[in-house]
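The structure appears right after this line, and notes come after that.
The values are calculated or read from the model by the stated rules, or taken from the named source; none is laboratory data. The structure presented is a predicted model; accordingly, all values stated were derived computationally and were not measured. Neighbour counts run over all protein chains shown; Cβ positions are idealised from the backbone, glycine included. Accessible surface is based on the protein model in full, side chains and every heavy atom, while ligands, DNA and RNA are left aside. Shrake-Rupley method; radii C 1.70, N 1.55, O 1.52, S 1.80 Å.
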Amino acid sequence: IFYYIMVIRTEICGFSGNKIFPGHGSKFIKNDGKNLFFLNSKCKKYYINKIKAVRVRWTHLYRKLKNNENKNKKTDRELS
């Protein structure tokens, strides 16, 4: 008996960094030929308006940056 594993090809959102599953999101092609995928219209509008993803709380880039900052801070216990 053969079991086949179904592979789902996911894309990454060009703004938020979230996974985009088949049948969702939209494709945006820039004038220079770059293809960008966006999860929803909110992400697309933020990208077009040149809002940085690092400053928006719900993006993966923001969470990664804040998580690294928290790890680098030393607590009172570590200092003593």
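For the reader, a short list of remarks on this structure follows.
- Put a plus charge on the Cβ of each Lys and Arg, a minus charge on the Cβ of each Asp and Glu, and nothing anywhere else: the dipole of the chain about its Cα centre is then about 320 debye.
- Two-site FRET efficiency, ASN49 against ILE5, from Cβ-Cβ distance with R₀ of 41 Å, rounded to 0.05: 0.50
- The fraction of accessible area contributed by carbon and sulfur in the chain is 53 percent, rounded to a whole number (1.4 Å probe; ligands and nucleic acids excluded).
- When the chymotrypsin sites (Phe, Trp or Tyr not before Pro) in the range 1-65 are filtered for DSSP coil states and for at most 12 other beta-carbon atoms within 10 Å of their beta-carbon, the remaining sites are PHE2, TYR3, TYR4, TRP58.
- Anisotropy class of the chain from Cα gyration tensor, a/c 1.5 cut: oblate
- Residues of the range 10-39 with an amide N closer than 14 Å to a point placed 7 Å from the Cα of ASN67 along the Cα-to-Cβ direction: 17-19.
- Taken one residue at a time, the phi angles of the range 48-57 give Karplus couplings (6.51, -1.76, 1.60, θ = phi - 60°) of 5, 7, 6, 8, 6, 5, 5, 8, 9, 5 Hz. Gly and Pro are set to x.
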